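Chemist: The structure that follows is given in the form of C-alpha cells.
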Amino acid sequence: MRLKPRLSPVHLRRSLGLFAAYALVACAGVAQAASFTMFRDPGCGCCLAWAQHVEGDEAHEVERVDHPDMGAIKTKHGVPDDLWSCHTLLADGYVIEGHVPRADIERLLRERPEGVTGLAVAGMPLGSPGMEAGDRRQPYQVIAFGPAGRSVWASYPAK
C-alpha cells in the first residue's frame, strides 16, 4: 500500500491562499462582465454623458443603441409610465431607467433584491449624472420598482 505525502502546514496555507486569490479574481471578473445595453433617442445628448458616467474608469462597457420608439422599449421592459426618462439601460437582467447613478446600479447588481425589476430616476433632474450643471442639483430619488411594488432606493438632496 502506498501512502500519499501530506502537505506541511506552510504548503497548505500557501495552497489555500492561492485558491482564495483565484476565487476573488474570478468573482471580480463576473461583476465586470455584466452586459449593459442602453436604448436612447438618437437626438438626445445627455444619454451619452450618462453612459460615460456609468462606464467610469472602465468599470462597465455600455453598448449604445439608437431607437426611434423609446416608449415601446420602456413598455416592453415594464417601466411604469410615471417613471419614464430619456433612456433605458438593460443591465444583467435589470432595467435602469433614466439618470440613475452608477453606485446605485452596482449596489443593485451586488444585492439582487427579490421583487425588484429595476431602478428609475423619473424625468431629467438637473445635477443628476449626465445632467451636470456645475455644483447645482435638484433633489431627486432613485426608485426601485417591480412585482414587490416601489421603494426609495436612494435620495439625493438639492445642492
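The values are calculated or read from the model by the stated rules, or taken from the named source; none is laboratory data. As the structure is a computational prediction, the values presented were derived from the model and not from experiment. Cβ sites come from the backbone with ideal geometry, for glycine too, and all protein chains shown count toward neighbours. We work out accessible area using only protein heavy atoms, side chains counted, and drop any ligands, DNA or RNA first. Shrake-Rupley method; radii C 1.70, N 1.55, O 1.52, S 1.80 Å.
Chemist: Give the number of residues within region 124-148 that are of a type in the set (A, V, I, L, M) and in a strand (DSSP E or B).
Modeler: Number of matching residues: 4.
Chemist: Show the residue pairs that are 6+ apart or on different chains and have beta-carbon atoms under 6 Å apart, the first residue being within region 131-154 and among the aromatic types (Phe, Trp, Tyr), the second being in a strand (DSSP E or B).
Modeler: 140/156; 153/119; 153/142; 153/144
Chemist: Can you name every residue in region 85-130 that is open to solvent by 40 Å² or more (accessible area, probe 1.4 Å) and within 14 Å of residue 49 (Cβ to Cβ)?
Modeler: Scanning region 85-130 gives 102, 124, 126.
Chemist: Please go through (1) open to solvent by 10 Å² or more (accessible area, probe 1.4 Å); (2) closer than 23 Å to residue 40 by Cβ; (3) among the hydroxyl-bearing types (Ser, Thr, Tyr) for residue 155 and return the number of the only condition it doesn't satisfy.
Modeler: Among (1) open to solvent by 10 Å² or more (accessible area, probe 1.4 Å); (2) closer than 23 Å to residue 40 by Cβ; (3) among the hydroxyl-bearing types (Ser, Thr, Tyr), residue 155 violates only (2).
Chemist: Using the structure shown, decide if residue 134 is within 21 Å of residue 47 (Cβ to Cβ) and at pLDDT below 95.
Modeler: yes
Chemist: Taking region 39-85, which residues are without any contact (Cβ under 8 Å) to a residue 12 or more places away in the chain, of a type in the set (Asp, Glu) and not in a helix (DSSP H, G or I)?
Modeler: Matches in region 39-85: 57, 58, 69.
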